[in-house]
Amino acid sequence: MNLVDDLARALAHGEIVPFFQPQLELNSGRVVAGEALARWQHPERGLLEPESFIQAAEDHGLIDELGIFMVDEAWKYAAGWIGRGLPVQVSVNASATQLESTGLTDHIAHLFDRYDLPAQTLTIEITETKAFVDAVGVSSRLRVLRERGLGISVDDFGAGYSTQERLDEVPATELKIDVTLVQDETDDGYRELIRIVELAHERGLRVVAEGVEDESQRRRVEILRCQRAQGYLLGRPMPAAEFGDLLAARR
Ligand code: C2E
Ligand code: MG
Ligand code: MG
């Protein structure tokens, strides 16, 4: 079986779906946003996680199509929830490769032109995978969208390429602390966590702590005044319908 042919077919046949994982505002305890995470409902292999297909999509020129699809889905669901009186924001992941060409950012501009939703509804999370080839180009495209209200998040901060350098390269509005730091219970880990939250707050960025799995981790990021938290303790990634029910129940 050829994964790439299979993936191209999956995109065309609606087998790729977004799951949504809740993001909690720590002050109010409310679910204020959801991160869209790609899942592949494979007819034979069951539900596949991005680990098993995102890299293949990157390597074989399918990631642009996948990214545009995910943005469209996230936007469509957000419009539905907001239309039902359930205010929410959605985040979609984009790798460096996806921002290197103009396809995704042009598409987002088009969405903002065509539909009557606040641009603040959408945040793009820049995942780490690799360094930008044309950081200046990426940054200027993102800046245009940010001026219209798009949220721009630096994902997995504290891991790999997601460091201060990346923060200097993009017009960020948000910093997402990597799961490894949130879960690091050592003194060094705690000091690093404090340093990063301070850095983010100095720059006026919203801080989201990722990978919160237990109460002590939640308390720690709350004390440090991270604005939002996301993790298994607060909710796993779930199908869109379930996420909508969650928003309705917590209204
Ligand atoms: P990410 O953007 O950092 O997303 C968070 C990942 O952490 C998700 O894995 C989520 O299920 C997982 N997670 C959430 N809470 C916890 C927790 O409490 N503990 C732990 N250990 N993990 C937690 P998932 O869904 O497997 O996604 C993995 C990565 O795949 C994402 O990491 C993102 O980089 C990438 N990805 C997902 N969807 C897309 C997409 O549409 N486009 C692109 N380019 N990348 C995507
Ligand atoms: Mg992410
Ligand atoms: Mg992350």
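The values are calculated or read from the model by the stated rules, or taken from the named source; none is laboratory data. Since this is a predicted model, take the numbers as computed values, not measurements. Positions of Cβ are generated from backbone atoms using ideal geometry, with glycine treated the same way; all protein chains shown enter the neighbour counts. We work out accessible area using only protein heavy atoms, side chains counted, and drop any ligands, DNA or RNA first. Shrake-Rupley method; radii C 1.70, N 1.55, O 1.52, S 1.80 Å.
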Heavy-atom accessible area per residue - segment 92-251, 1.4 Å, Å²: 47 Å²
Alpha-carbon Debye profile of the chain, log10 I(q)/I(0) at 0.16 Å⁻¹: -1.27
Percent of Cα-Cα distances greater than 21 Å, calculated over segment 122-230: 33 percent
Estimated distance in nm for a label pair at ARG219 and GLU25, the labels positioned 7 Å out from Cα along Cα-to-Cβ: 2.5 nm
Hull-based mean projected area of segment 1-118, where the convex hull spans the alpha carbons, in square nanometres: 8.6 nm²
Segment 172-231 and segment 81-97: distance between their alpha carbon centers, rounded to Å: 21 Å
Estimated [θ] at 222 nm from DSSP helical runs (n ≥ 4, -39500 (n - 2.57)) normalised by residues in the chain, nearest 500: -13500 deg cm²/dmol
Estimated distance in nm for a label pair at ARG45 and LYS130, the labels positioned 7 Å out from Cα along Cα-to-Cβ: 2.2 nm
Label point distance in nm, GLN164-HIS60, each placed 7 Å from Cα along Cα→Cβ: 4.2 nm
q = 0.24, 0.28, 0.33 Å⁻¹, segment 126-173: log10 I(q)/I(0) [Debye, one scatterer per Cα]: -0.86, -1.10, -1.32
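Using a 1.4 angstrom probe on heavy atoms only, work out the carbon and sulfur share of the accessible area of segment 142-250 in %. The partial results should precede the final answer.
Values: 2380 of 5160 Å².
Roughly 46 percent, rounded to a whole number.
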Cβ-based charge dipole, segment 25-183, positive-most Cα from GLY67, VAL144, ALA57: VAL144
Only Lys, Arg (+1) and Asp, Glu (-1) charged, at Cβ; the chain dipole about Cα centre in debye: 1080 debye
Within segment 183-251, chymotrypsin sites (Phe, Trp or Tyr not before Pro) in DSSP loop having at most 12 other beta-carbon neighbours inside 10 Å: TYR232
Positive-end residue of VAL182, LEU99, ALA240, charge dipole of the chain with Cβ unit charges: ALA240
